[in-house]
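Throughout, read-outs are computed from the coordinates displayed, never taken from laboratory work. From a predicted model like this one, the values you see are computed outputs, not experimental measurements. Please note: Cβ atoms are built from the backbone with ideal geometry, for glycine as well, and neighbour counts cover all protein chains shown.
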Amino acid sequence: MTNRGFFLSLTALLVFIIPSVYGADTKPAKQDCPSCEAFGVQRPQERKPAPAFSLKTLEGATVSLTDFKGKPVFIKFWATWCPSCEEELPILEKLLAGKKDQLVVLMLAIDGEKESRVQRAIKKAKLTLPVLLDVKEKIARTYGVTFIPAAFLIDRDGTIAAKIVGERDWNSPAAWGAVKEVFCLP
C-alpha cells in the first residue's frame, strides 16, 4: 500500500467508521446560548416532543398545547404553597406580559383542585397571563416535574427546547436573553 492509499484509508476510518462505532450524533450541534448558561437553563441532549395536554382555565375554557403549534411556548409550573413561585409571579408578569406577540405563555397551577387559592394568588400578583389548572398534577408528572418552580420552553416544532428548574432572577438581563436565545427571537 502506498502512503497515499494508507492516508485515504486512515481518513475513511476517522471520518466514517469511528463516529458510527462510538454513536456520534449526526444532528447539528446545539446552537450557542451564552445567556442559557448564565441563567441555568438546561438544554436536552436529545430532542423529544413536548407531551400534549388540554387543561381548563379558571374561567372554564379548555386550552390545548396543540393549539400553539408553530409558536414558541413558555410553560411555567407553579403552586400557591410555593414561596418561590409566589415571588416569581409578579416578576414573570412584568417580563412576559409584554412579550405575548413573540411567544405563548401558559402558567400551570399544580394545585388546581384548590381554585380559590389559585384565584387569590393571581389577584395578589396582578397576573394577566393565562393560568391553567393542572388538577392532581397530572401534566406536571407527565413532564417529569419533581421540583417547582419549573419552566419548559417548547419550540415551534413542538419539542422541548429547554427547561429551567428552581427560582431564578427573572429581572436579570440573562432571563430574557436566555428565552430569546432558545427561541431565536429578535
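Within the range 41-120, report the trypsin sites (Lys or Arg not before Pro) that DSSP leaves as loop and that have at most 15 other Cβ atoms within 10 Å.
Sites meeting the loop and neighbour criteria: 47, 69, 100.
Take the alpha-carbon centre of the range 138-161, take the same for the range 33-90, and report the distance between them in whole Å.
Using only Cα atoms to place each centre, the spacing works out to 6 Å.
Can you compute 3J(HN,Hα) from phi for each residue in the range 82-89, using the Karplus curve 6.51 cos²θ - 1.76 cosθ + 1.60 with θ = phi - 60°, rounded to whole Hz and x for Gly and Pro?
Along the range 82-89, the couplings run 9, x, 5, 4, 4, 5, 6, 3 Hz.
Within the range 103-186, report the chymotrypsin sites (Phe, Trp or Tyr not before Pro) that DSSP leaves as loop and that have at most 16 other Cβ atoms within 10 Å.
Sparse-neighbourhood loop chymotrypsin sites (Phe, Trp or Tyr not before Pro): 147.
With θ set to phi - 60° and the Karplus curve 6.51 cos²θ - 1.76 cosθ + 1.60, what are the ³J(HN,Hα) couplings of the range 167-183 in order, to the nearest whole Hz, using x for Gly and Pro?
Result, rounded to whole Hz: 5, 9, 8, 6, 7, 6, x, 5, 4, 5, x, 5, 4, 4, 5, 4, 8.
Using only the Cα atoms of the range 82-186, what are the Rg and Dmax in Å?
Answer for the range 82-186, Rg first and Dmax second: 13.5, 38 Å.
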